[in-house]
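First up is the structure itself, then whatever we jot down about it.
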Amino acid sequence: MGLWQERVVPVLIDRVMASGRLVPLRHRLVAPVRGDVLEIGIGGGANLPFYGRGVRRLVGVDPSPRLLARAKERAAWMPFPVLLHEGGAEELPFADASFDVVVSAWTLCSIADVDRALAEVRRVLRPGGTFRFGEHGLCGADSRTAAWQHRLPPLWRRVAGGCHL
Ligand SMILES: C[S@@+](CC[C@H](N)C(=O)[O-])C[C@H]1O[C@@H](n2cnc3c(N)ncnc32)[C@H](O)[C@@H]1O
């Protein structure tokens, strides 16, 4: 990994993902979550303040050590245990059926092998468990915007940590 990906991209991601415009969406995504929770692509931990007290423990995984360091700072203020693991969602180091809920916030777009990651999510969820995700997608309302979403990814991916528009 080059200096750009290792040092600059995590700072950009942390700044952009702290946007106040995402607050209502984060609240909707994680406030109802209860029990043992896994967040894939936890990044800098921007969701952490929005989890409720029904969480028993939260495990976060992310491949970026810099973003995990930021998540660790935020985790210090949480009323439940937070464990952080460096790694990708394609190979989760957890036993089958070990979480009640898996959360993903604007992370599926950045995962190279999303089918493998989703198979892992299914494996680690308990029977009846829930996968809650927030994601952006292809614009259906405006074909010009959609065309740019197809054009930009080769450049955008370098700036935005692998994000596919
Ligand atoms: C746009 S950021 C979102 C971060 C965080 N979920 C949030 O809501 O602020 C995408 C995140 O996906 C992470 N990521 C990239 N590849 C990944 C993978 N293979 N597995 C899990 N996370 C990954 C990045 O390091 C980054 O933290």
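Okay, here's what the table says:
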item	result
Area projected by the alpha carbon convex hull of the stretch 1-52, averaged over all directions, nm²	4.1
Carbon and sulfur %, accessible surface of the chain computed with the full protein complex present, 1.4 Å	58
Distant-in-sequence amide H partners of GLY54 (H built 1.01 Å from N, under 5 Å)	none
GNM top mover of GLU73, GLU39, GLU90 - the chain, alpha-carbon springs below 10 Å	GLU73
The stretch 112-129 - phi-based ³J(HN,Hα) in whole Hz, Karplus 6.51/-1.76/1.60, Gly and Pro as x	5, 10, 5, 5, 5, 5, 5, 5, 5, 4, 4, 5, 7, 7, 6, x, x, x
Virtual paramagnetic centre 7 Å along Cα→Cβ of TRP77, amide N under 13 Å, in the stretch 38-65	45-51
The chain: relative contact order in percent, alpha carbon pairs under 8 Å with at least 6 residues between	22
Convex hull volume per residue for the stretch 3-137, taking Cα atoms only, in Å³	105
Debye intensity ratio in log₁₀ form over the Cα atoms of the stretch 89-128, taken at each q of 0.24 Å⁻¹	-0.78
5 angstrom amide H check on VAL59, placed H, neighbours 5+ away	VAL37, LEU38, GLU39, LEU83
Ratio of the Cα radius of gyration of the stretch 102-156 to 2.2 N^0.38 Å, where N counts its residues	1.42
Mean accessible surface per residue for the stretch 3-137, computed with a 1.4 Å probe while every protein chain stays in place, in Å²	54
Cleavage-rule hits (chymotrypsin sites (Phe, Trp or Tyr not before Pro)) in the stretch 1-85: DSSP loop, at most 10 neighbouring Cβ within 10 angstrom	TRP77
Most to least accessible of ASP100, ASP62 (protein chains only, probe 1.4 Å)	ASP100, ASP62
Integer Hz, Karplus 6.51/-1.76/1.60 couplings in order for the stretch 81-89, x for Gly and Pro	x, 10, 10, 10, 10, 7, x, x, 6
Value of Rg to Rh for the stretch 71-165 (Rh from inverse mean 1/r over Cα pairs, i.e. Kirkwood)	1.04
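The values are calculated or read from the model by the stated rules, or taken from the named source; none is laboratory data. In this text, all values refer to a predicted model and were calculated from it rather than measured experimentally. Methodologically, a virtual Cβ is constructed for each residue, glycine included, from the backbone with ideal geometry; neighbour enumeration extends over all protein chains shown. Note: accessible area is taken over every heavy atom of the protein model, side chains too, but ligands, DNA and RNA are not part of it. Shrake-Rupley method; radii C 1.70, N 1.55, O 1.52, S 1.80 Å.
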